[in-house]
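Only the coordinates and a few stated rules stand behind these numbers; no lab work does. In this text, all values refer to a predicted model and were calculated from it rather than measured experimentally. Positions of Cβ are backbone-derived with ideal geometry, glycine not excepted, and every protein chain shown enters the neighbour counts.
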Amino acid sequence: MQADKCVNMIEQYRGDSLEALKKLDDRWAAYHGDADATADSSLLTHRGCVDTDSAAILDSPFNANVATLNLPSTKVQPGLLTTLASVINHVNEAIFIINEQGVLQMLNPMAATLFGASIEDLTEQPWSDFLQPEVKERYLSLLAQGANGQEALANMGTKEIVLQRADSLSLDVDLSLSYLPASPTGQGALYMGVMHNLTRHKAQYQALRLQARTDKLTGLANRHAFDEEIERCWVDCNNDHQPLSLVVIDVDYFKLFNDRYGHVNGDACLKKIAAVIDSALPTSQCMAARYGGEEFALILPNCDATAAQLCAQRVQTAINHLSFTDLGLHGSVRVSVSQGIAVETLGQYRTSKALLCAADTALYRAKSDGRNRINIRV
């Protein structure tokens, strides 16, 4: 008899409007009682199935005496919003829902954690308040396109943004926004946002990037980092009409040092020299790099010939006074370096490679003149 009443209710409301379906929701709740209506997130799900074409009633695994309405996909499913809230609450992703005006309607605990406040405090807050100005306009434009019926344009794939949390902290996240049309929800269009915290990813990326640009032995920049930096400084200094100096350094007779004292001590020697070179840099914008083997290079943006010579002289003096007694070597053991300097000031070098060649030429002149000296080419 109960099944007959269900079929009669289906027939009565077949093809009815959204308002009629809402009444059906209320009547179903009244018929089965409030406790049954709230036992699950949807009033008309998890109770078996009624085929609306044949009105055949299938047994429910939850209650053999209760049937479920299998509404056509073009109809609104009552209680779907409640089901959506239940689903996102159990998904292991940071998910939030906003309406067409960009106001937060629901979010799960993981999303609340990223936003930096409780779910209660965040609900009904403008989502754009958590966006930086440079991306806020982009997302507000996206909402406007959805409101104008441009559904195909109302989705945005994963983008990296900086989230301005409720506690005033900033958080790197990736964000995707998906348009949920009005028909499935029974309300205005909604948007589902999915976020991922990129803090650990960013830290790992920076660590790997630093490792890829650092010489493992000396801790200075490696050749890859040098090549990138010289190109960047070349462009910047030329655009700003500022000088760019380059110093190339070679350890004198280093092969003999290695042969006599061993490669372990040779490596320790290179570390000592690298520390001296790094400490001699005139500004934080300058770079010291291990160019290869026992060769080093200094990139000195905004430094003229005088500043480059002073830097090279500090390097020369400090290296001449290095001691290796801590390595078990005799106190008389000393090393020296030869240095070549080239300075771009008036456009005499057409490329950064030409500047490097000029510094290299100056280095070999210093070596051919007897080593342990500085040669400059301007």
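Considering only the range 342-378, state which residues are in a strand (DSSP E or B) and in contact with a Lys or Arg (Cβ under 7 Å, 6 or more places away or on another chain).
Ala342, Asn375 - these are the residues of the range 342-378 that are in a strand (DSSP E or B) and in contact with a Lys or Arg (Cβ under 7 Å, 6 or more places away or on another chain).
Name the single residue that is farthest from Ala144 (Cα to Cα) among those in the range 85-111 being of a type in the set (S, T, N, Q) and surrounded by fewer than 20 Cβ atoms within 10 Å (Cβ to Cβ). Quick ask: steps written out before the conclusion?
Initially, the range 85-111 is screened for residues of a type in the set (S, T, N, Q), giving 86, 89, 92, 99, 101, 105, 108.
When the remaining residues are screened for being surrounded by fewer than 20 Cβ atoms within 10 Å (Cβ to Cβ), the result is 86, 89, 92, 99, 101, 105.
Values: Ser86: 28, Asn89: 28, Asn92: 30, Asn99: 11, Gln101: 9, Gln105: 18 Å.
Checking each candidate, the answer is Asn92.
I'm trying to understand the selection: among the residues of the range 293-319, which are within 32 Å of the chain's Cα centre (by Cα) and within 16 Å of Asp360 (Cα to Cα)? Reasoning before the result, please.
Restricting attention to the range 293-319, the residues satisfying the condition of being within 32 Å of the chain's Cα centre (by Cα) are 297-302.
Ala297, Leu298, Ile299, Leu300, listed by residue number.
So Ala117 passes all but one of these: (1) part of a helix (DSSP H, G or I); (2) under 19 Å from Ser168 (Cα atoms). Which condition number does it fail?
(1)
Here's the yes/no breakdown for (1) surrounded by 16 or more Cβ atoms within 10 Å (Cβ to Cβ); (2) under 20 Å from Leu256 (Cα atoms); (3) touching a helix residue (DSSP H, G or I) at 6+ places or on another chain (Cβ under 8 Å):
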{"position": "Ser284", "(1), (2), (3)": "no, no, no"}
{"position": "Ala289", "(1), (2), (3)": "yes, no, yes"}
{"position": "Gly292", "(1), (2), (3)": "no, yes, yes"}
{"position": "Pro301", "(1), (2), (3)": "yes, no, yes"}
{"position": "Thr306", "(1), (2), (3)": "no, no, no"}
{"position": "Leu310", "(1), (2), (3)": "no, no, no"}
{"position": "Leu322", "(1), (2), (3)": "no, yes, yes"}
{"position": "Thr325", "(1), (2), (3)": "no, yes, no"}
